[in-house]
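First, the structure itself, so that you have it in front of you.
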Amino acid sequence: MKQQKKLWMMAAILFIICGACVITCCGSKDDSPAVSPTDDSSQFVTLTDVVPDAILEIRYYGTYNFVGQRIDGYEEPTALLTKQAALALKTVSDDVMAQGYRLKIYDAYRPQKGVDHFVRWAQDLADTKMKPYFYPDLDKSVLFEQEYIYERSGHTRGSTIDLTLFDMATEKELDMGGTFDWFGPESHPDFCGNPDTGEYTGDNSKSPAEPKRSITAEQFEHRMILRRAMLAHGFKPLDTEWWHFTLRDEPFPDTYFTFPVKKLGQ
């Protein structure tokens, strides 16, 4: 009996250890200790109610995006954010307005079903109709490996924003040296410069064998204008996308929301 009891105890310990390994090995890139999905939108606002000067071009509501069709969960061409993120973005807007610019929003809160749509698209290797516009230098099979597509997104937590600057003098977007959602090193904030100092360095080739690739000093400075304003008002950047920022003290770091993108209160 003692031997049998000992065997049962060993089996139980192994079960716990193996279970922990499964949880660890099958987790997503996100490092949060727990994932809590919810359709509660009570802590969100329609962005333009708080930042009325923002211009909206919600790419995932239309067809000009890397998928080439409207993304699941985008029911209206509007932008939603947590109340805290929207209030912080209002201070960014006031800052850049004083410099002669307006914020132009490409994406804000993204429901989980939108992320799931990206994953299904990335798994369909035959669908490459938007390749010339967003990832001409990449084989679609590497999008997961090179971390362009994830199973979860910070956007789904409600305090992440994708945006650019609109020049009120020229009535055009500032030239950032690359389009939103371009899959490549040209989208990195440090492409041809040091984003921490704002210093432009020019050629970004890593070796003499690589072709010369660069953006202009003016394009780099445009990226820095946006970056400086966002960082000054509580947002943190992403090191692979010049347009992507998350509220540093986001209120729901472990919650992934599921309600659709449409004006709240409908």
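Counting only residues that are crowded, with 18+ Cβ neighbours inside 10 Å and either within 27 Å of residue 98 (Cβ to Cβ) or in contact (Cβ under 8 Å) with a residue 40 or more places away in the chain (or both), how many does segment 144-172 have?
Adding up the residues that qualify gives 15.
Here's something else I'd like to know. In segment 191-203, which residue that is in contact with a helix residue (DSSP H, G or I) (Cβ under 7 Å, 6 or more places away or on another chain) and not hydrophobic (A, V, I, L, M, F, W, C) is surrounded by the most Cβ atoms within 10 Å (Cβ to Cβ)?
Residue satisfying both the conditions and the ranking: 193.
Shifting gears a bit: So how many residues does segment 122-143 have that are assigned to a loop (DSSP other than H, G, I, E, B) and open to solvent by 80 Å² or more (accessible area, probe 1.4 Å)?
So the answer is 5.
Report yes if residue 220 is in a loop (DSSP other than H, G, I, E, B), over 26 Å from residue 111 (Cβ atoms) and among the aromatic types (Phe, Trp, Tyr), otherwise no.
No: the conditions fail for residue 220.
Right, here's the next one. Report yes if some residue within segment 183-196 is assigned to a strand (DSSP E or B) and not small (Gly, Ala, Ser); otherwise report no.
Yes: segment 183-196 contains one or more residues that are assigned to a strand (DSSP E or B) and not small (Gly, Ala, Ser).
So, one more: Would you confirm whether any residue within segment 72-83 is in contact with a Lys or Arg (Cβ under 7 Å, 6 or more places away or on another chain), surrounded by 20 or more Cβ atoms within 10 Å (Cβ to Cβ) and of a type in the set (Gly, Ala, Ser)?
Scanning segment 72-83, I find at least one residue that is in contact with a Lys or Arg (Cβ under 7 Å, 6 or more places away or on another chain), surrounded by 20 or more Cβ atoms within 10 Å (Cβ to Cβ) and of a type in the set (Gly, Ala, Ser), so the answer is yes.
Please count how many residues of segment 228-266 are touching a Phe, Trp or Tyr at 6+ places or on another chain (Cβ under 8 Å), part of a loop (DSSP other than H, G, I, E, B) and either of a type outside the set (A, V, I, L, M, F, W, C) or without any contact (Cβ under 8 Å) to a residue 12 or more places away in the chain (or both).
The number of residues fulfilling the criteria is 2.
Is one or more of the residues making up segment 62-84 in a helix (DSSP H, G or I) and closer than 17 Å to residue 164 by Cα?
Looking for residues that are in a helix (DSSP H, G or I) and closer than 17 Å to residue 164 by Cα, one finds none in segment 62-84, hence no.
The values are calculated or read from the model by the stated rules, or taken from the named source; none is laboratory data. Being a predicted model, the structure only gives us computed values, none of them experimental. Cβ atoms come from the backbone with ideal geometry, glycine included; neighbour counts cover every protein chain shown. Heads up: the accessible areas ignore ligands, DNA and RNA and are worked out on the full protein's heavy atoms, side chains in. Shrake-Rupley method; radii C 1.70, N 1.55, O 1.52, S 1.80 Å.
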